[in-house]
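Since the structure comes first, as structure tokens, the remarks are kept for the end.
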Amino acid sequence: HALVGATIGVVVGKLLEKKLGKEKWDRDKVVIVAGLTLGNAVAIAFAASLLLISRSLWALPY
């Protein structure tokens, strides 16, 4: 299953390299990956906080 993700990553990377140019892609790919990772982390933290808040509002927590 990790092979599917790696294959998709390689294909997307090659497409972006063609679109942006090799020099710009090599310069910016680390920032793009960091931004995507940070975005995922923020979304997970937001969902977890909503879950905790919704469970704390339940009338019978036990």
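Where a number appears in this text, it was derived from the coordinates with a stated rule and is not lab data. These numbers were taken from a predicted model, which means no experiment stands behind them. Virtual Cβ from ideal backbone geometry, glycine too; neighbours counted across all protein chains shown.
Data table
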item: Given charges at beta-carbon only (K, R positive; D, E negative), |dipole| of segment 2-56 in Debye; result: 120
item: Among (i) 39, 14, 7; (ii) 25, 12, 8; (iii) 28, 12, 8, the entry derived from the coordinates for semi-axes √(5λ) of the Cα gyration tensor in Å; result: (i)
item: Using alpha-carbon coordinates, inclination of helix 22-56 to the longest axis of the chain, degrees; result: 10
item: Crossing angle, helix 2-20 versus the chain [Cα axis fit, 0-90 degrees, rounded to tens]; result: 50
item: Selected from Leu16, Leu50, Leu38 as most flexible by GNM, with the chain as the system and alpha-carbon contacts under 10 Å; result: Leu50
